[in-house]
Structures are given as structure tokens and as C-alpha cells.
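Enquirer: Got a structure for you, written out below as C-alpha cells; questions coming shortly.
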Amino acid sequence: MDLESGVFQNHVKKESWKTVLTLAYQSLGVVYGDLSTSPLYVYKSTFAEDIQHSETNEEIYGVLSFVFWTLTLVPLLKYVFIVLKADDNGEGGTFALYSLLCRHARINSLPNCQVADEELYEYKKDAANTCLTPTTTFGLRLKSTLEKHRVLQRFLLLLALIGTCMVIGDGVLTPALSVFSAVSGLELSMAKEHHKYVEVPVACTILICLFALQHYGTHRVGFLFAPVVLMWLLCISAIGIYNIIHWNPHVYQALSPYYMYKFLRKTQRGGWMSLGGILLCITGSEAMFADLGHFSQLSIQIAFTSLVYPSLILAYMGQAAYLSQHHVIDNDYHIGFYVSVPGKLRWPVLVIAILAAVVGSQAIITGTFSIIKQCSALGCFPRVKIVHTSSKIHGQIYIPEINWTLMLLCLAVTIGFRDTKRLGNASGLAVITVMLVTTCLMSLVIVLCWHKSVFLAICFVCFFGTIEALYFSASLIKFLEGAWVPIALSFIFLIIMCVWHYGTLKTYEFDVQNKVSINWLLSLGPSLGIVRVRGIGLIHTELVSGIPAIFSHFVTNLPAFHQVLVFLCIKSVTVPHVRAKERFLIGHIGPREYRLYRCIVRYGYRDVHKDDMEFEKDLVCSIAEYIRTGNAEPNSARDEMESEDDKMTVVGTCCTHTDGIQLREDDVDKIESAGTSELREIRSPPVMQPRKRVRFIVPDSPKINRGAREELHELMEAREAGIAYILGHCYVRAKQGSSMLKKLVINYGYEFLRRNSRAPAYTLSVPHASTLEVGMVYRV
């Protein structure tokens, strides 16, 4: 996989129309499967028990009017034309909105943020497109209030976490609802007493197969599933047109908002409660935004406006036209999708519907993977294994732990509920809660990021918030009839996220409070008061300034260390991608002869972390380039040492400075010279049977001074001797005098999550023979 070149760029905006249309076609299978299969269960859930289909047709016309205007106002107007424009440099989802607000309001949930991070290209691109400082008086006051009050910052983070948890809950419920509704078509082909024994096993088998396919990735899945959704959309639109023409050509009149008024006037409380079923027509709308990183804004807009939206409207109109002429049906299945399908087509449509339901589940599963990766990168979710399934498109990922957890929960709710009514109630509440969170965050984006009038933000919240609050109230009242499931699931995931985030913050605060001062380091002299052995020592730390306590803890117990020490911090920043030329921040700690370096490696929350061999080469090469460029000037005054962390230099990876130093590593019997007159070669002195010969290829211009040359020689010697990884292993405990709640959270909750989550990415790939762990007890 090419992990650097082309990773950060937004493929859509720079690609040709052919590529955009290809992505639009592929998005059918990944983004719109869920939304496209909603006709399977909307009418059935709406007429389940709250309202009855009467001879006057006021109910069916009113439901059709509600469905039409809900589809028009929420997915089309809100998401396609407004929310999709609030992308975080091509990324979408709840946490992308939160990241966008963090940058513009200068608030951050990450403790190790730096001023230098604001010089990244992604920040500057924001500044070029929209000024980071609000231009309105209210915007300035709002920004100032958010910066001053930690309570508001925590509330904003909590709001984002609630939205994230509901997305995960939706990832459990939507596959169950879609597949179960599709399989329910068997009820027209067999006796009811037989059907109930077939429906659940078939649905569970399909769900297991669906989750088993996930590791192949959305790239393969998209091109496999897109034809299915395309066939499904053409199928339901064709059936809809047939039913309109054959049964009721005047059904289009029900699109008037007047029929909504007549519906509510007649049905009153029952009609209001039935909105929980109508709400299901927009399940999957949030996937358009959450999956934005997999595709592009333009491709998603084209697919929805030109195909998905018209097909859904025709399908709902066709069902309404059929039902308006059929009030009494012999069997018990008088309201539903399959009853409106012509008899000869039911079996082929059933097969297509099951396939489309499988695809529909893919949309929310993919969105769940994306948003959990963002949360994990920003320190709000335990570390999980992230598999990048495409070498071309960076956003396509697979998370095994989450995949199998979703599968088990999905099977549990399918077996537990065994009917679309309660599954619909549960799914509807999860969907509308995510939409409410998006509406709240979008109102802040309008003021703080887009610098629009607060009046516009209030109008946005009042208009869309009122619609969503109406549906939310109708869903919440069915708490005991299935709506408790997303609340319970979200509460569990929210507890996990909050405990992990709190424990991570407290651990970092302990590191900051116990770091060693640079004055102590200087007092030891160039040898640091210990034996310096050959090689490079990489000390992993979360600190971006100061000397970590792990270093003093180590040298106190074992007074020997490597000739070159690198304090390495690998961190995420609140932008989607960091360009390769801005990857490293490098600086000296103390004078040059100490051979101490600080290296901060910055990744965006959507970036791919490099493997250890490539990373080692990039790290050593970047330090060498830092030495060569003359930025490593020795500090003369002791008072300047205290601010050495502010004097770091941005250095790119090897591939970004081709005119600078290049690193060559050869076996002893395969040493070759550079072979050009333009480059000079600095070789390491002969040693006894080295495993590798390391050399730097240095350009003729500009000339480097003697001190830098000596430093490069020593770096080469150290690299040739090998790299040792010094990792801190902390045991976190609540300090004495802490409250019972804090002891419960830290000693049991956070410790349990830490022990059962994956180690940081860099510790998984380092060779065990070169690894040394230093244990410390953290009293937080």
C-alpha cells in the first residue's frame, strides 16, 4: 500500500467526470442501500397499530404526504444541499463536524496539541477558504465563550459522543430491520404458522454472511453491491409507475401538505404516534454524510438527486395508489410492500429485495467503521485494529472487533424482537437522535466556521430541529416497545468512551506533572552522567515538551543509554490528513553534543500509519536532513534551554526532500558507491562485521559545517549499530484520597479497557528483540 503519496488529497474534487460518475455509481452500493430499502417497512410500521386504513383514504394519503415532504426536507434539502458542504476537508460524520468546530473555536479535546499544529496545510486551507476568526459580533462572543468555559467544551464533546454512540446503535439495528423486512416477504408464500419458524433463521443466516464479507473492504463490496441497488431502484420505481397508472393516476394530489393537516386532524394522537413509522423513510440519510470520506460530495449528490430520490418517491406513490383501491384483503397482510407487487413478480422481487437489504446494511456498517476510527484517533475510543482494505482510497477500512461485536448484537435483537414493529421503533429513535445532534452542531458551524449571521443559524435549528423534534417525540413515547434498545446500547458505548477519554487525559496530566526539567538534564553534562553505548534509543512518550519521567526512572536504575537518544511522540491532530512534507517536527534537546533529539510525528485522524521499517528509515533520514539544513544550531544561553521545545523544525519524509539527504542501507558484501559527481558520500568508519553498512548521500550544495558533519557521522554509526525501542508500560491507579467514583472509573473501568484494547500502533510492529519496556505506576 502506498501510504504517503496521494493519501491526503481529496480524490473527488480533482478527478474527471468519468471518475465522479464511477464514484456515484459505486456509492449506490455503500451509501444508499439503507435508504433505498426503506419502502420495505415504512407503510407496514406506520399502520402497525396506531392508525387504521379506512375507506376515505385520508390516512394513506396523509402518510404519503408526510413521506414525500420528509424525504424532500431532510435528505434532499438538509443533507444534500447543506450538511454535505460542512465537510472537514473531504471527511464527514459527527466527529468531522466536531473537529471542524475545534479548529475554528480553538478548543481541543486532545491534550498534546501545539501551536505548530496550526501551521499545517489543512489549517491554512481553512484560513484560505474561510477566515478562522468569526466576522460577526455574535460569532466572536460565542468563540470567546467556548474558549473560556471548560464546561461548554465538555458539553460539545459529549454531544458529539452521543451522536457517535447512536450511529453505532444504528449499526446494530438497521441491518436487522432491513434484512428481516425483506425476508418477511415469504409470508405471502406460506402459511403463517410455518412462516414464523422460517423467517428468523433465514434472516440470521443472511446477517452472518453479511458481516463475514466485511473484511473484503468497501472497494470490492461497492462494485459488487452497486448493481443490486441499481436493479432494486429501477424495480421499485417501475412497480410504482405501474401501480400509479393502473390503480390511481390521481395519487399525486396527495403530495400536497394539506393532506398532512387532514391526516393529523382525523387521527390526532394515533397519527402523532404513527410518525415513528413514517420516520423510517429517512433511515440511512446520515450515511450520506458519514461515508463522505469514502467517496465525494459531488458523486453522492449526483446519485441521490438523479436516481435515489425519484425512485423512492415513485415507489411510495405506487404503494399508496395500490392501497387506496384495496381496503379489505383476504389475508392478514393487507399493509406492506409485497402486497402491492404484481403476483407474477413477487418471487423475483423477493430475491432482489433480500439482496438489496444486505446492501442496505452495508451503508451503516461502513459509516460505523469510519466514525469509530475518528473517535479512536482523537482519544475518545479504545484502540482497535484498523485494516485498510484499499491501496488507492484511504478511507476504506475494516475493524474486526467492531464488526463481530455488531454482528452478535444484531443477531441478539433479531432473535429477541422477531418483528418489524419493535425493530422499527428502535431503529427510528437511533436515526432521529443522530440527526438532532447533526442539526445542533451544524448551527455552530454556520456561525463559527461559515461566519454567517446568527439569524441564519437560528432559522436552521428552528426549521429542521422542529421537524426532527416532532419525530423524536413520537419515537421516544414507544420506549417500552423497542425504543429502549438504542438508548441502552448508546449508554453502554458512551460510558466506554467517557471512561477511556477521562483515563487518557489523567494519564497525560500525570506525565506533564512529573516530567523532568531540562535544567536537570543539562546539569548531567554531555555524557548525561551515564555510559553511552552505540546505537539509537527511541523513547516513546506522549509528551510534546519536557523529558518524560520514564527516562529518569530508567537511568536511575540502569545507568547506561545509547549514543543517540530520540524522544519520539506519535500523535493525532484534529485534521483529516497531514501531508508527508509536514509529517515530522524535529528539534534538539540541550546542546548539540548531547545528541538528544525530540521528534513529533503527526498524523491526521484519517491517515494511515506507516510500518516500522519504512518509519525507521524516514525518521533517521529526517533527523539527518534537520542536521544538514543548519536548523540545529547550538543554544548558548541557559535561559534559552527552557524554551527549546518552541524551536522545532518541520521536516518531511524521505520522499518529500529528494534534493536533500538520502539514506542508503546495504549489506556488507553489496556496498556500492553513489556513482555521480553531483553527490558526496559520507561513510561510517570501519567496524567489526556490521550487519548493514549505512550511508547518507549528501548534496554538494549547500555546504555543511564541521559540527554538522560530525553529528551526521555519529548518527550513521548509531543507525548501523541498530535501534532499540524503549516503551513505557504504565499501571494507572487512582491516588489516595480520591472519591469512590474516581477509583471505580480509573482502577477498574479504565484499567479493564486498557488491558483489553490494542497497544499503540507503533508497539505492534517493533521487533521484540529490540524492545525494552519500563514499568511505572501512575497515581492520578
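Enquirer: So, for the stretch 430-575, what is the accessible surface per residue at a probe of 1.4 Å, expressed in square angstrom?
Expert: So the stretch 430-575 comes to 37 Å² accessible per residue, rounded to a whole number.
Enquirer: Here is a follow-up. Ignoring ligands, DNA and RNA, please state the percent of accessible area on the stretch 357-515 from carbon and sulfur, probe 1.4 Å.
Expert: In the stretch 357-515, the share of accessible area belonging to carbon and sulfur is 73 percent.
Enquirer: Peptides 315-327, 723-735: what's the order by average Cβ count within 10 Å, highest mean first?
Expert: 315-327, 723-735
Enquirer: For F295, tell me the accessible area in Å² from a 1.4 Å probe, rounded to the nearest 10.
Expert: 10
Enquirer: To continue, here is another question. Just report the Cα centroid separation between the stretch 451-519 and the stretch 299-378, whole Å.
Expert: So the two Cα centres are separated by 30 Å.
Enquirer: Pop out the ³J(HN,Hα) list for the stretch 432-440 in order, Karplus 6.51 cos²θ - 1.76 cosθ + 1.60 with θ = phi - 60°, rounded to Hz; leave Gly and Pro as x.
Expert: So the Karplus estimates, Gly and Pro as x, are 6, 5, 4, 5, 5, 4, 4, 4, 5 Hz.
Enquirer: Which pairs in the list K506/K743; K148/K452; K85/K452; K148/K735; K78/K262; K44/K421 are over 18 Å apart, alpha-carbon to alpha-carbon?
Expert: K148/K452; K148/K735; K78/K262
Enquirer: Next question, about the same structure. Quick one: net charge around T438, please, counting Lys, Arg +1 and Asp, Glu -1 for every other residue with C-beta under 10 Å from its C-beta.
Expert: With Lys, Arg at +1 and Asp, Glu at -1, the net is -1.
Enquirer: Each label point is 7 Å from the Cα along the Cα-to-Cβ direction; what then is the distance between the points at S552 and S738, in nm?
Expert: 2.2
Enquirer: Sticking with this structure for a sec: Convert each backbone phi in the stretch 457-472 into a coupling constant with the Karplus relation 6.51 cos²θ - 1.76 cosθ + 1.60 (shift: θ = phi - 60°), then list the ³J(HN,Hα) values in order as whole Hz, x for Gly and Pro.
Expert: So the Karplus estimates, Gly and Pro as x, are 5, 5, 4, 4, 5, 5, 6, 6, x, 5, 4, 6, 5, 4, 5, 4 Hz.
Enquirer: Kindly report the accessible area of the stretch 233-336 per residue (heavy atoms of protein chains, probe 1.4 Å, no ligands, DNA or RNA), in Å².
Expert: Accessible surface, normalised per residue, equals 37 Å².
Enquirer: What does the extension gain come out to for T771 and K266, with contour length at 0.36 nm per residue minus their alpha carbon separation?
Expert: 174.5 nm
Enquirer: Taking the simple approach of a point 7 Å from Cα along Cα-to-Cβ for both S306 and I458, what is their distance in nm?
Expert: Roughly 4.1 nm, to one decimal.
Enquirer: Per-residue counts of other Cβ atoms within 10 Å, averaged by peptide: what ranking do you get for 450-456, 164-170, 531-537, 468-474, highest first?
Expert: Per-residue mean Cβ counts within 10 Å order the peptides as 164-170, 468-474, 531-537, 450-456.
Enquirer: Given H placed 1.01 Å from N in the peptide plane, which residues other than close sequence neighbours of Q662 have an amide H under 5 Å from its amide H?
Expert: Residues meeting the criterion, in which the H sits 1.01 Å from N, are I697.
Enquirer: Quick one: which residues, 5+ away or cross-chain, put their amide H under 5 Å from the amide H of D607? H built at 1.01 Å from N.
Expert: none
Enquirer: Taking H placed 1.01 Å from N in the peptide plane, check which residues at least 5 places from I397 or on another chain put their amide H under 5 Å from its amide H.
Expert: Close amide H contacts, sequence-distant or interchain: T218, T389.
The values are calculated or read from the model by the stated rules, or taken from the named source; none is laboratory data. Predicted, not measured: the structure shown is a model, and the values here were computed from it. Reconstructed Cβ throughout: ideal geometry from the backbone, glycine too, with neighbour counts over all protein chains shown. Just so you know, the surface numbers come from the protein's heavy atoms only, side chains and all, with ligands and any DNA or RNA stripped out. Shrake-Rupley method; radii C 1.70, N 1.55, O 1.52, S 1.80 Å.
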